[in-house]
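The structure appears below as structure tokens.
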Amino acid sequence: MGCQFIHVETYALIGAQNRQGLSRRSLRDIQAELTRQPYASSHVAAPLQPNVLMGSMNDAFIVAEWQARTALDAAGRKYRRTSPALLAGVLSWPVQSIKLNDNSSQFERYLAFRTDTIAWLSRKFGDNLKCCVEHNDEEYPNLHFIVVPALPADRRMSLSTVHPGIKARQDARNAGASRKEIASAYTRAMRNFQDEFWLEVAQFHGLTREGPRRRRLSRREWRLKKAHVKEIAKLHDARRRQEAELIRAGDKRVEAVRIQVVADVKNKLVPRIKAFVEVRDEQAFQILTMKQKLSHAADEIAALKARIADIEPRLEKISP
């Protein structure tokens, strides 16, 4: 299949040059690239709008910029515009996008990897994970994620809460470590970050931790490594299929229970409803009969009143 690729980087309000003289992009630069603005998409032949998988890119960058403009540093001074304001990461799937579109099984494997990756990011960063987006306009599909640390009550912001390397470096510095030890702590933390992703996600999808050149493996060792990872991926796929079958079977059982409940309700209620209708109809018939009798009685009373009215004058003439 290939080896995993996951990379994280921090961005500040404004770009700056690092110690090697290379320019660092700003928060808005990475936003422009993610949203495929024309001036930031020269590396893409035919840019497409990103597929937002969770959260909101716009909200993430608004929060990050607002926090960077209002935050304080560790000493309580105004937060520098060149200090990191957010963490952005990118992951890649080692199957070309065009092949995914032509192969349904490969596409399903990618979707499974994508789902597991987002779940892992959510567990890793919690509420600080603001959005995940997908780019399908490059040679390989890429997943991008944005992490914005929560601004504490004292407004002293630090990306050590979301960046494992920065946290390790800060802890080493606070412990009085040497420059070399501080650098080693940072490297070790980032290696652990890569290991964690491989152990919890990548290996289950047939991806190796590193390539053969990186590990300086022989061809035989590399083949054994790939076979091992492939076997893990097969087991994971089998487990996923089994879980899906159990869910489908569960759905069928639920549907069967629902049908049985509906049938039981009908069997119990229908006779009652029929009896109620019969009683209602009988009562309605009785009421109708009584109304008819009352109507006849009213007619008879009216006739009697008319007869009395006719007889009374005659009686008055006869009376002495």
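Let's see how each residue does on (1) in a loop (DSSP other than H, G, I, E, B); (2) free of Cβ contacts under 8 Å to residues at least 40 places away in the same chain; (3) on the phi < 0 side of the Ramachandran plot; (4) touching a strand residue (DSSP E or B) at 6+ places or on another chain (Cβ under 9 Å):
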{"residue": "ASP29", "(1), (2), (3), (4)": "no, yes, yes, yes"}
{"residue": "ALA32", "(1), (2), (3), (4)": "no, yes, yes, no"}
{"residue": "ARG36", "(1), (2), (3), (4)": "yes, no, no, yes"}
{"residue": "TYR39", "(1), (2), (3), (4)": "no, yes, yes, no"}
{"residue": "LEU48", "(1), (2), (3), (4)": "yes, no, yes, yes"}
{"residue": "MET54", "(1), (2), (3), (4)": "no, no, yes, yes"}
{"residue": "ALA60", "(1), (2), (3), (4)": "no, no, yes, yes"}
{"residue": "GLN67", "(1), (2), (3), (4)": "no, no, yes, yes"}
Open item on the list: Checking the condition of a type in the set (Gly, Ala, Ser) and surrounded by 13 or more Cβ atoms within 10 Å (Cβ to Cβ), which residue from ALA46, ALA119, ALA68, ALA75 passes?
Closed with: ALA68
Open item on the list: For the structure I just gave you, tell me whether GLU210 is acidic (Asp, Glu) and either under 27 Å from the mean Cα position of the chain (by Cα) or modelled with pLDDT of 95 or more (or both).
Closed with: no
Open item on the list: Looking at VAL95, VAL90, can you tell me which residue is part of a strand (DSSP E or B), on the phi < 0 side of the Ramachandran plot and either among the basic types (Lys, Arg) or surrounded by 14 or more Cβ atoms within 10 Å (Cβ to Cβ) (or both)?
Closed with: VAL90
Task: Residue list for the stretch 55-73, filter: charged (D, E, K, R) and in contact with a helix residue (DSSP H, G or I) (Cβ under 9 Å, 6 or more places away or on another chain) - done: GLU65
Open item on the list: Among the numbered criteria (1) more than 23 Å from MET190 (Cβ to Cβ); (2) of a type outside the set (Gly, Ala, Ser); (3) within 27 Å of the chain's Cα centre (by Cα), which one does ARG155 miss?
Closed with: (3)
- [ ] Considering every residue within the stretch 102-124, establish whether at least one is aliphatic (A, V, I, L, M) and touching a strand residue (DSSP E or B) at 6+ places or on another chain (Cβ under 6 Å).
- [x] yes
- [ ] Please give the number of the condition ARG25 fails out of (1) within 30 Å of VAL201 (Cβ to Cβ); (2) modelled with pLDDT of 95 or more.
- [x] (2)
Open item on the list: Based on this model, can you work out whether ARG191 counts as free of Cβ contacts under 8 Å to residues at least 12 places away in the same chain and surrounded by fewer than 17 Cβ atoms within 10 Å (Cβ to Cβ)?
Closed with: yes
Open item on the list: assigned to a helix (DSSP H, G or I), touching a residue at least 24 places away in the same chain (Cβ under 8 Å) and over 16 Å from PHE5 (Cβ atoms): is that true of ALA119 in this structure?
Closed with: no
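The values are calculated or read from the model by the stated rules, or taken from the named source; none is laboratory data. A quick note: this is a predicted structure, and the numbers were derived from the prediction, not measured. Methodologically, a virtual Cβ is constructed for each residue, glycine included, from the backbone with ideal geometry; neighbour enumeration extends over all protein chains shown.
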